[in-house]
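Here is the structure we will look at, set down as structure tokens.
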Amino acid sequence: MATDTTRVDGTEPLPVPGPARPGAPTPRRRVRRRGERGPLASFGLHLTLLAAAFIALFPPLWLLVTSFKPKSETFSLSLVADFTLDNYDHVVNDTAFLTWFGNSVLIVLVTTVIGVLISSTTGYALSRFRFPGMRPLMWTLLITQMFPMAVLIVPLYNLMSRYGLLNQPVALIVTYLTIAVPFCAWMMKGFFDTIPVSIDESGRVDGLNPFGTFWRLIMPLAKPGLAVTGFYTFVTAWAEVAYATAFMTGEDNLTLAGGLQTFVNQHTQDWHLMTAAAVLIAVPATLVFGYAQRHLQSGLTAGATKS
């Protein structure tokens, strides 16, 4: 039976376009999903990312290239025309670089071990226990991060001078601990907050004291947070320049950061040697980062939880 397709106003409905030929599919307009980028937007995004990557990678790559150039080609824009290892040979054999390296390794190892131990125990205590003065302690750890490093150089220098700690590794160790421990303790507290308290309770049921519970049960679960804490403390002590230059004088007492400044100063401008020394200094930091990077992401995200 035929149906009446006439509209109320008396007009005929518009015909529905059919396929161009029998058997051909009906063309449909593709609808873009929400959040889906068009070709032009995708091209612009990738171009921006490539530009940002180039800006980030160009300085270290150019530093590496310059370290293999002779002094006469230090400021040339060409790549390595006369490849040479004389810069590295001079830095290692004709300067006190190995002495600076030993001083830095000693300071960094002691700072990292003590910093991780203090930060982890402090963070665990703030996460698990309630004691008088807890809130003031947490505020103190937070407020210490508000002071820039340059403001503390003079009072810390006077303090170290009063106790005869200048030109001693202890001065830099104590200073770097005051910088790294407050931040790391806050971060470790946030990480310990993600570990269930039931683990502590099970340890106490098995007869462990609070320290035994912390050392035998909690610490193995806190490896990602400990990796982030150790890496942050390492970088703080390895790459710091201001305190190392102010507290350490004399070629045999300098660290790598302080020794690096001897290549370029008001008397000499040995940029080719400084670039070679900078590459050698960056190698240990790169190795440490490569070893710890598998724990960095999980440790940072776990330590960022709201307490």
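The values are calculated or read from the model by the stated rules, or taken from the named source; none is laboratory data. Values in this document were obtained by computation on a predicted structure and should not be read as measured data. Positions of Cβ are backbone-derived with ideal geometry, glycine not excepted, and every protein chain shown enters the neighbour counts.
Here are some residues: 268, 213, 233, 175. Which one is at pLDDT below 85 and hydroxyl-bearing (Ser, Thr, Tyr)? Only one candidate passes the filter, namely 268. Checked across the stretch 280-295, the condition of being buried (at least 18 other Cβ atoms within 10 Å of the Cβ) and among the hydroxyl-bearing types (Ser, Thr, Tyr) holds for no residue. So which residues in the stretch 76-92 are touching a residue at least 60 places away in the same chain (Cβ under 8 Å) and either over 21 Å from residue 245 (Cα atoms) or among the polar types (S, T, N, Q) (or both)? Across the stretch 76-92, the qualifying residues are 87, 88, 90. The residue that is surrounded by the fewest Cβ atoms within 10 Å (Cβ to Cβ), among those in the stretch 158-202 that are among the hydroxyl-bearing types (Ser, Thr, Tyr), more than 16 Å from residue 123 (Cα to Cα) and in contact with a helix residue (DSSP H, G or I) (Cβ under 6 Å, 6 or more places away or on another chain), is 176. Please determine whether any residue of the stretch 107-115 is closer than 30 Å to residue 251 by Cα and touching a Cys at 6+ places or on another chain (Cβ under 9 Å). Yes, the stretch 107-115 contains at least one residue that is closer than 30 Å to residue 251 by Cα and touching a Cys at 6+ places or on another chain (Cβ under 9 Å). When we screen 147, 129 for residues that are over 28 Å from residue 255 (Cβ atoms), of a type outside the set (Gly, Ala, Ser) and modelled with pLDDT under 85, the only hit is 129. Taking the stretch 255-273 as the range and being of a type in the set (A, V, I, L, M) and surrounded by 23 or more Cβ atoms within 10 Å (Cβ to Cβ) as the test, the residues that pass are 256, 273. Looking across the stretch 207-254, the residues that are out of contact with any Ser or Thr (no Cβ under 8 Å at 6 or more places or on another chain), over 17 Å from residue 128 (Cβ atoms) and not in a helix (DSSP H, G or I) come down to 207, 239, 240, 241, 249, 250. So if I check each of 28, 37, 32, which one is touching a Gly at 6+ places or on another chain (Cβ under 8 Å) and at pLDDT 60 or above? The unique qualifying residue is 32. The number of residues in the stretch 117-131 being surrounded by 20 or more Cβ atoms within 10 Å (Cβ to Cβ) and aliphatic (A, V, I, L, M) comes to 1. When each of 122, 95 is tested for being touching a residue at least 60 places away in the same chain (Cβ under 8 Å), under 24 Å from residue 241 (Cα atoms) and of a type in the set (Ser, Thr, Tyr), the lone residue that passes is 95.
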